[in-house]
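Notes for the one structure printed next.
The values are calculated or read from the model by the stated rules, or taken from the named source; none is laboratory data. Source: prediction; values computed, not measured. Don't worry about glycine lacking a Cβ; one is built from the backbone with ideal geometry, like all the others, and counts go over all protein chains shown. The area values use the complete protein model at the heavy-atom level, side chains included, leaving out ligands, DNA and RNA. Shrake-Rupley method; radii C 1.70, N 1.55, O 1.52, S 1.80 Å.
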Amino acid sequence: MQVVNDMVGTIQIIAISVIAILVILGALGFYFYKSKQKMKTEETADSSSFNRKDILDYLKIDDVADSMLVVNGRTRFIGAIKCQGFSFADAEVEEKLQTIRGYITFFNVLDNCPVQFRQSARNVNLEGLIHAYQDRVTVLEEKRFTLNLDYTDLKAESENPELTKAEYDIYYDKLKQMQRELVSLGYQIEQLNAQIQYMAAISGNNAEAKREEIYVFDWEYNAMDFSSQSLNEQEVYLRAETQLKTKASAYISALRNCGVHAKRMTGVELLEEIRRYTHPVSAANGTADDILRSAYDSICVTSNSLNELEKEANAKIVHEIAEEMMKGVE
């Protein structure tokens, strides 16, 4: 009897296992079937019926001004300063004390105004400066090449045995002046190449990341505060720029007492900072400088070709209809 019970129990376990496997396989089959149907639906869907939105619907920024971002229906204006300090741990006791006292003053300057503090690290991008130095090297090398040719020709003229002593002295002085210019040009080219090599070593992905501290602040326009006068958009922008500039100047001055160098950020730099915050890995692959130096907009031009082709096609149809009518009359 015990053997029969054991066999029944084993059969029940096997049956439950088979049912469970069948349920899992059925669920997987249903999932893949629905996925395939969804892919077919996406392939045959008419994209022209989709609700298309502009990228500005997702990017909640109304405008990028010279030194601020404009949001919230052009009523809130955001500015920022970026700072670069020194190694506090390696500073002397007097410098540490002055820094702490300076930051106490800085916190008093902040008062009750909302300020956001951000720390970030980014690659040092000196590509633009490197290109400028390389262009300067090219100019100096061309100048040295031309001067070297002039020097060779003048030296050949100075070797004329018919020259008088006075004429020879003139040639001699001129040649010495050209030699000094050649030596000076060679020194400038050598120094520029050394600086290019150094900048290439501290710039890009292979260099040590540069740490930055950023203070973000804002000013909000409230029409009720200007009930006695109505401001147009340009006047609001000017008022916002004045307010943000006053705040930035106060912060920069207070931070200077802490041994911190700070400067105002531009609207493009603020936009890049947002992108670096949301895309820390890929932000360095395409910067605003790359876009501004590119000719991405030159491939798009306005044209009346569509209207001209439509007129030409319509004229052709009218001409064919006229010919058919003439044939019918004949």
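Couple of notes before you dig in:
- Of the set (1) assigned to a helix (DSSP H, G or I); (2) more than 25 Å from ALA194 (Cβ to Cβ), all apply to PRO161 but (1).
- Some residue of region 206-218 being over 24 Å from HIS261 (Cβ atoms) and out of contact with any Leu (no Cβ under 8 Å at 6 or more places or on another chain): yes
- Scanning region 109-135 for residues that are open to solvent by 80 Å² or more (accessible area, probe 1.4 Å) and either free of Cβ contacts under 8 Å to residues at least 24 places away in the same chain or in contact with a Leu (Cβ under 6 Å, 6 or more places away or on another chain) (or both) returns ASP111, ASN112, HIS131, ASP135.
- Across region 223-244, the qualifying residues are those that are in contact (Cβ under 8 Å) with a residue 24 or more places away in the chain and among the charged types (D, E, K, R), and the one among them that is surrounded by the most Cβ atoms within 10 Å (Cβ to Cβ) is GLU241.
- Filtering region 136-167 to residues that are within 40 Å of the chain's Cα centre (by Cα) and open to solvent by 70 Å² or more (accessible area, probe 1.4 Å) leaves ARG136, VAL139, GLU141, GLU142, LYS143, ARG144, PHE145, THR146.
- Looking at LEU147, LEU185, just one residue is touching a Lys or Arg at 6+ places or on another chain (Cβ under 6 Å), part of a helix (DSSP H, G or I) and of a type outside the set (Ser, Thr, Tyr), and that residue is LEU185.
- Residue check for ALA240: in a helix (DSSP H, G or I) and either of a type in the set (Lys, Arg) or in contact with a strand residue (DSSP E or B) (Cβ under 6 Å, 6 or more places away or on another chain) (or both): yes
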